[in-house]
Amino acid sequence: MKNYDHKKIEKKWQTEWEKKNLYKAKEKGKKFYSLIEFPYPSGAGLHVGHIRSNTAMDIVSRKRRMEGYNVLFPIGWDAFGLPTENYAIKTGVHPIKVTKQNTDAFRKQLKEIGFSFDWSREVDTTDPKYYKWTQWIFLQFYKKGLAYKAKTYINWCPKDKIGLANEEVVDGKCERCGTDTEKREKEQWMLAITKYADRLDKDLDLVDYPDRVKLSQRNWIGKSEGMLFTAPVKDMDLEIETFSAHFEAFCADTFVVIAPDHPLLQTLVSGVKNEKEILLTAKKMVQDRSKAGFEQKEPTGIFTGKYIVDPVGNGNLPIWVASYALADYGTGIVKCSAHDVRDFAFAKKYNIPLKPVLFPEDKDLAKKVLNLELCFSDMQKGILKAPNIFAGRIAGETREEIIKYLEEKGLAEKRSSYKIRDWVFSRQRYWGEPIPIIHCEHCGMVPVPEKDLPIVLPKVKSYQPTDTGESPLANIKEWVNVKCPKCKMSAKRETDTMPNWAGSSWYYLRYMDSKNTKSFADSKKIKYWSPVDWYNGGMEHTTLHLLYSRFWHKFLYDLKLVPTIEPYKKRTSHGMILAEDGVKMSKSIGNTVNPADIVRLYGADTLRLYEMFMGPFEDAVNWNTNSIIGSRRFLEKVWRVGVSFNDKKKKKDPSSPKNSLSVEKVLHKTIKKVSEDIENMRFNTAVSNMMIFISEIEKALGSGEAVPKESFKKFLQVLSPFAPHITEELWNIFGEKKSIHISKWPKWSEKMLEENEVKIVIQVNGKVRGEMYIGIEEDEESVKAKATKENSVLKYLEGNVVKRIIYVKGRLVNIVC
RNA sequence: GCCCGAGUGGCGGAACUGGUAUACGCGCACGACUUAAAAUCGUGUCUCGCAAGGGAUGUGGGUUCGAUUCCCACCUCGGGCACCA
C-alpha cells in the first residue's frame, strides 16, 4: 500500500491543472463570479490569513463549477503602496523591481496551495496597461466636476518633513518615527464622494452584506436628518444657516456658535473692534484641535460681537466662535441651547445665559436642570415636558409634530447632513498613479487628452519626498515640463499621485476583460459577468475600499458604463488569524507563521483543511501549530480507505454481507451538511462532518461490512473543494479519466436521512430521566402513554399526580407533575 | 463617551426555529501491536459523590413544562468611531 505522499501528489496535479487550463473562465453558460480581495504583495510573503480567505472562496468556486456554473475566480496584485516605496527609499531599489520580486514570490506561493484561480486574467495595478484606465476613470470624474482641488489640512510630520496619509497617523503620531504630527494647509485633489452619500446609504438595502458591514458603512456615512434654520445677522447684510438634528428644544436656543475655520468667519467679524484677536484665537483653536487627538478637551471660545435675529422668536442670539464647532458638518454654524452637553459646558464656562425647556420625569433631576446644575439632553424620551414657551403649543409634542409645525410656519426646512467627507485623493508620493492633469498658466487646469494615457511614472533617483512636502516627481524637470494640450505653451504636470485605494476601486471590472486595450473592459463582457456574485474580504476594508469601490461603481453606472447599481451582490467577511497568544502576527514580534513551512511538512491540503476547521470563519482565531496534525490524520485516513478500495491483492470476501446502511446514512447526511455549510461559510462544521463520515466508514470496513465504491467516491467529491489534490489523486486511482473538479456535485436523498425509529428523551419536570425508541409516525397519545410507563421513569412519577405532558415531535416528552 | 461583537471542558470549538449542553479536533491517561520507539488502532477524559443523586454555558434576576439560545441589569474581553450639533 502506497503512503500518502503529499509532495508528489500536489505537484503533479498543480502541473496537470495548469496544463489543461482547468479553471479558465469563458463567457459562456450560467455564470458565477467569485472574488477575493487581491493581495498587496508585501515583502513579508504570503500570510496564513490570505490562505484562510482564499481557501473559503476557492471552496465556493469549486463547488459552483461542480454545480455546472461557468466560474470566474480571478487573482491580481494591488501593488502600489507605501511599504514598497519605503523599501525603495531605504535601499534605492526601484519599486518596479521590488514589486516584480514580490509578485513572483506571491504567485509561486499561491500556486503551491492549489487555488483554482484563472491565472490568465491576472492584473497588476502598477502596470501602465492597467493604470491607464485608473487614470482614465479619474478624468471622467474630473470632467463631471467630481474631482476637484481644494485647500485642506494634511498630516505633516515635522521630523521626517513629509505629508502623511491618514492611515500613517496612529493616535496623532507619525507611524514611522512617533513624532506628533501637525496639520498643514495644502491644496489637495478631492473626490466628491459626499455627492453619493445618500445613495451609498440607501442602496445598502439592495445588497446581501452582513448586518455589521451595513451598519458600519451607515455609521461612517453618518446620515442624520434634521432642520435647517435661516437667520439674518443683526445690523449686517448677511444671512446664516444653522443645521440641527436635535431641534426639538429649539425654544431653548440662547446662543450661536461658528466653527473657527468657517469660511464666513472673516466676513462676519470684519470691522469688529477686536477682529484681529478673534481671527488669531480662531486660528489657534484649529491648531490645538488637531493636536488634541483623542483627548476630549475643554471647549474654548470667543465672542464675535455679532448677533443673529432668531427666526423662531428667541430674540437676538450672540454668535461665538467655539472650538468644538466643525466647519464641515452641517452648515458649520449651530444654534445652541441648554439641552446639548457641549453647548451646556461651553455656556457655563463663558457665562452665556441658558433657559432649559425640557425636563426629566424625576422631580429632583428636573429641579437640577432648572437650576442649570445638570444638562438634560435626552430628546428620545422625546415628548417635551416643557413649560409653555412658544406660540402656546410646543409643550408635549413629538418630533414629527414639531417638524410639521416648523415647516408649516416656514420657520425651517428639512435637511440631511452626513459625517462622511470628500475623499482626499492625492498623495505627495512616488509609488502611485500619476494624476493626469496639466497646469497651464493660460488655460488653468487641463486634463491630459485620453489618447495620451497612460501617464507613465518616470524614473527618479531618489524616492524621498521633498522638504516642501511635494512629491518626488516634482524634481524630474524633463517629466514635469510639458506643452499645454490646449494652447501648446509650456506648462507643468501635476506631480501628485493617487492613493493606493484608486486601483482597487475598479479591479473587479478589469478581471472581466483584463487584456482589453480599447476600454477598461468590453461592455458585453461586463454585462455577462456583472455583478460580482460573492465577494469575501476583511472587515478592515468596510469603510475604505468597500465604500470607495461602491462609489466608483455608481459613478460608472451613471455614465452607463456598467449595467448594475451595485458592484457586489453578496459580501462576506473573514476573521483574522492571530498568533498563538492571541496578538497580531507581525514580523517585528517574530510570531509569524510561514505557510510554505506548513505546506512542506504537511501539504497544502492539510493546511487548507486546518484553516477551515480551526474555528468559525467570520471570527478571529488563534493559530495553533499543534492542532494541524488532526487535519493531517484525517487526510491520511481518507487516503488509507481510498487506497484499500483499489487494493487488487485484497481478496473480496465471497460471503460479503449487504451494504452498510449506517455508512449510507452518514454519507447522505454529510453531503447535505457540507453542501449547506459551504453556502453559509460554516466550514468548520462541514469538516467535522466529513471526519464523522470517515470514522463511520472505517468502522464498517473494519467489521467486515461492505461499502460500495460509489459511496466513497461521492464523499471524495464533497471533500474535493477543501482538499483538491488528494481527492483528485484518489479519483484518478478509481479510474476516472476526467478531473474530480469538473464532476457533478453529489445530491443527497432526503429519504436516506429519514429514520423509521427515533430516540425520544423522556424528561420529568424538565430533567432527563430516560429514553425510548418509537416509530416516527407514532401518534402523540400513544407516545405520551408509553413514556409514563417507561421503567426508568416510573420511580420519579411515584406519589405524584401528572399535571401535564408535553410532546415535541421526534424529540422529547416532558412529564410535568 | 457612543456603536458593534464575544464570554461554553486543560485548549480550538459544536448545539436545528427554546427541546438530551460539551459534536468534531488537539492535548492527556490507560490498553493493543512492537525487542523498543514512532506511527496506527481501541477505551476513557466538565465537576462533586462509593452510590443514589446533585451542580455547571461570565454574574444576578425574569419569562417558560423546559433557556447556551428570549428579556432586563451588571462584569470582563475584542473591534470600530472620535467634539458629527
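Criterion applied to A:G642, A:G590, A:G603, A:G615 was being surrounded by fewer than 19 Cβ atoms within 10 Å (Cβ to Cβ), more than 13 Å from RNA strand B (Cβ to nearest atom) and among the small types (G, A, S), and the one residue passing it is A:G590. The set of residues in segment A:729-753 that are touching a Lys or Arg at 6+ places or on another chain (Cβ under 7 Å) and open to solvent by 40 Å² or more (accessible area, probe 1.4 Å) comprises A:I742, A:W748, A:M752, A:L753. Evaluating A:R184 against the criteria (1) crowded, with 19+ Cβ neighbours inside 10 Å; (2) under 22 Å from A:D328 (Cα atoms); (3) among the charged types (D, E, K, R) leaves one unmet condition, (1).
Close contacts from segment A:1-15, counting a first residue that is without any contact (Cβ under 8 Å) to a residue 24 or more places away in the chain and a second that is open to solvent by 100 Å² or more (accessible area, probe 1.4 Å), with Cβ to Cβ under 9 Å and a gap of 6+ residues or different chains, come to none at all. Considering only residues in segment A:618-639 that are more than 6 Å from RNA strand B (Cβ to nearest atom) and of a type in the set (V, I, T), the one that is farthest from A:I51 (Cα to Cα) turns out to be A:V638.
If you go through segment A:274-282 one residue at a time, do you hit one that is within 12 Å of RNA strand B (Cβ to nearest atom) and of a type in the set (D, E, K, R)? No, segment A:274-282 contains no residue that is within 12 Å of RNA strand B (Cβ to nearest atom) and of a type in the set (D, E, K, R). Among the residues making up segment A:239-265, those that are in a strand (DSSP E or B) and either open to solvent by 10 Å² or more (accessible area, probe 1.4 Å) or within 8 Å of RNA strand B (Cβ to nearest atom) (or both) are A:E239, A:E241, A:T242, A:F243, A:S244, A:V257.
Return yes or no: is A:G29 out of contact with any helix residue (DSSP H, G or I) (no Cβ under 7 Å at 6 or more places or on another chain) and touching a residue at least 40 places away in the same chain (Cβ under 8 Å)? Working first, answer last.
Details: out of contact with any helix residue (DSSP H, G or I) (no Cβ under 7 Å at 6 or more places or on another chain): yes; touching a residue at least 40 places away in the same chain (Cβ under 8 Å): yes.
It is true that A:G29 is out of contact with any helix residue (DSSP H, G or I) (no Cβ under 7 Å at 6 or more places or on another chain) and touching a residue at least 40 places away in the same chain (Cβ under 8 Å).
Of all residues in segment A:4-14, none satisfies being modelled with pLDDT of 95 or more and within 28 Å of the chain's Cα centre (by Cα).
Residues are listed down the side, and each one gets a yes or a no for (1) open to solvent by 10 Å² or more (accessible area, probe 1.4 Å); (2) in contact with a Phe, Trp or Tyr (Cβ under 9 Å, 6 or more places away or on another chain):
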site: A:K144; (1), (2): yes, yes
site: A:K161; (1), (2): yes, no
site: A:T194; (1), (2): yes, yes
site: A:V233; (1), (2): no, yes
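Under the condition of being under 16 Å from A:Y507 (Cβ atoms) and touching a residue at least 60 places away in the same chain (Cβ under 8 Å), the residues counted in segment A:110-125 number 8.
Just need a number here: residues in segment A:711-748 that are part of a helix (DSSP H, G or I) and of a type in the set (D, E). Adding up the residues that qualify gives 2.
Could you tell me which of the residues A:L139, A:L82 is open to solvent by less than 10 Å² (accessible area, probe 1.4 Å) and hydrophobic (A, V, I, L, M, F, W, C)? Selected residue: A:L139, the only one of A:L139, A:L82 that is open to solvent by less than 10 Å² (accessible area, probe 1.4 Å) and hydrophobic (A, V, I, L, M, F, W, C). In segment A:797-817, of all residues being more than 29 Å from A:N756 (Cα to Cα) and not hydrophobic (A, V, I, L, M, F, W, C), the one that is farthest from RNA strand B (Cβ to nearest atom) corresponds to A:G799.
Which of the residues that make up segment A:770-817 are part of a strand (DSSP E or B) and either open to solvent by 80 Å² or more (accessible area, probe 1.4 Å) or small (G, A, S) (or both)?
Narrowing segment A:770-817 to residues part of a strand (DSSP E or B): A:770-775, A:804-808, A:812-816.
The answer is A:G770, A:E771, A:Y773, A:G775, A:R804.
The values are calculated or read from the model by the stated rules, or taken from the named source; none is laboratory data. Remember, it's a predicted structure, so these values are computed and weren't measured experimentally. FYI the Cβ positions are ideal-geometry reconstructions off the backbone, even for glycines, and counts take in every protein chain you see. Accessible surface is based on the protein model in full, side chains and every heavy atom, while ligands, DNA and RNA are left aside. Shrake-Rupley method; radii C 1.70, N 1.55, O 1.52, S 1.80 Å.
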